[in-house]
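Visitor: Take a look at this one; I'll ask things after.
No value in this document is a laboratory result; all are computed from the given coordinates. Remember, predicted model here, so these are calculated numbers, not experimental data. Quick reminder, even Gly has a Cβ in these numbers, built from the backbone with ideal geometry, and neighbours come from all protein chains shown.
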Amino acid sequence: MEEFIAILGRKGILFIVGIMFFIFSYKYNKNIFTWIEDNTFGTRNYILEKFELLFLEVNPDHITYVLLFLSIGSGVIVLSIFGFLDVWGMGIFLALLSSFIGFKIPKPIIDYLVERRIKTYSGQMVDGLTLLTNGIRAGLSVPQAIGMVVDEMPAPISQEFNLILQQNKIGIPLEECFDNLAKRVPTEDNDMFVSSINILRETGGNLAETFDTIVGVIRERIRLQQKIDTLTASGMFQGLVIAMMPFGIGCIYAVSDPESMKPLFTTPIGLSLSFLALIFDLAGFIVIMKIVKIKI
């Protein structure tokens with residue numbers, strides 16, 4: 001009788017938990033479906049949009065296959081390897097970790113590529129605007145001067161300016177083309193350049209002198225940014241060393257005394273502590289990188 005009551009008690013708890021889960025899901029169904037959309041097709045669409053900014057054409061199906069391989073495929077491979085070695089505890093932990101990293105890593109990688117391209121573009125703006133200024137002083141119109149930049153400058157600034165010309169040829173006003181450039185390359189220098197050229201084309205003014213002023217501002221900003229990067233390089237290196245120290249110490253212990261490391265990957269407590277330590281290590285590294293990264 002006591003056993004029957006205990007079973008009913010457990011079922012009652014499960015029933016209550018199920019009801020609470022249903023109520024929660026029903027109340028926040030839009031947020032749940034939005035989260036699922038953002039982390040499935042939303043991730044693919046996000047990557048496709050970023051590839052357009054990188055001027056790369058990629059088949060959407062290929063993006064889907066890569067995302068599935070990085071998330072589910074990587075976890076299955078890791079679990080299979082450790083299962084073959086009959087180390088299921090560590091295998092399950094590392095498989096879940098691999099799937100989680102594979103699920104989250106595509107966006108930061110794409111963002112890094114876009115950020116690197118924008119940084120390259122910003123470094124080319126001085127030469128590009130100088131060439132644009134010389135063309136305007138020589139009597140060329142703005143589209144003709146932009147054509148000079150497209151012909152003489154390397155990517156990515158030549159690609160961006162060429163897109164301005166292509167959009168203008170199909171009937172889009174030049175001001176709107178420059179506004180689209182500011183959206184594709186959202187930097188303060190580019191916003192200043194786009195705003196000045198649009199205002200001066202409407203109100204009149206000396207574009208060449210304005211571009212000279214913008215070039216001077218950009219040169220000073222680049223000089224200051226390089227000085228800051230030099231001063232913060234040691235902080236970034238220290239953050240990287242601190243983040244890698246737990247892994248280095250773990251490798252030393254694994255080589256010198258392998259038996260002492262086994263409970264860390266073969267017991268539930270050890271796996272939980274390993275996962276917690278990894279989260280704290282990653283969080284600390286991110287905080288250090290944000291501290292030493294100074295924007296001007």
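Visitor: Just grab the label-to-label distance for residue 137 and residue 16, each label 7 Å out from Cα along the Cβ direction, in nm (one decimal).
Guide: Label-label distance for residue 137 and residue 16, simple model: 8.1 nm.
Visitor: Ok, one more. Along Cα→Cβ, 7 Å out, is where each label goes; now give me the distance between the ones at residue 57 and residue 225 in nm to one decimal.
Guide: Label at residue 57, label at residue 225, 3.1 nm between them.
Visitor: At q = 0.15, 0.19, 0.20, 0.23 Å⁻¹, work out log10 I(q)/I(0) for the range 175-296 with the Debye formula, treating every Cα as an identical point scatterer and leaving solvent out; two decimals please.
Guide: -0.83, -1.04, -1.09, -1.22
Visitor: Once phi is turned into θ = phi - 60°, what whole-Hz ³J(HN,Hα) does the Karplus curve with 6.51, -1.76 and 1.60 give for every residue of the range 159-169, x standing for Gly and Pro?
Guide: Listing the rounded values in order: 5, 5, 6, 5, 5, 4, 5, 5, 5, 5, 5 Hz.
Visitor: Kindly express, to the nearest 10 degrees and within the range 0 to 90, the angle between helix 74-84's C-alpha long axis and the longest C-alpha principal axis of the chain.
Guide: Once rounded, one gets 30 degrees.
Visitor: Report, in cubic angstrom per residue, the convex hull volume of the C-alpha atoms of the range 122-205.
Guide: Enclosed volume per residue, from the Cα hull, is 88 Å³.
Visitor: Taking the Cα atoms only, what angle lies between the long axis of helix 207-256 and the longest principal axis of the chain, rounded to 10 degrees?
Guide: 20
Visitor: Shifting gears a bit: Test of understanding: ordering 191, 86 by Cβ neighbours within 10 Å, fewest first, what list do you get?
Guide: Listing 191, 86 from fewest to most nearby Cβ atoms yields 86, 191.
Visitor: Measure nothing but the geometry: give the 0 to 90° angle between the long axis through the Cα atoms of 88-104 and the longest principal axis through the Cα atoms of the chain, rounded to 10°.
Guide: Tilt of helix 88-104: around 20 degrees.
Visitor: Just grab the label-to-label distance for residue 233 and residue 280, each label 7 Å out from Cα along the Cβ direction, in nm (one decimal).
Guide: Output for this residue pair reads 3.3 nm.
Visitor: Once the piece of chain linking residue 66 and residue 287 is laid out straight, how much longer is it, given 0.36 nm per residue of separation minus the C-alpha distance between them?
Guide: Full-extension gain reported as 76.6 nm.
Visitor: If you don't mind, there's one more thing I want to ask. Suppose the chain between residue 187 and residue 96 were pulled fully straight at 0.36 nm per residue; how much longer would it get relative to their current alpha carbon spacing?
Guide: Extending this stretch completely gives an extra 29.0 nm.
Visitor: So which aspartates and glutamates pass the test for residue 107, namely a Cα distance under 14 Å, with those fewer than 8 places away in the same chain ruled out?
Guide: 38, 49, 115
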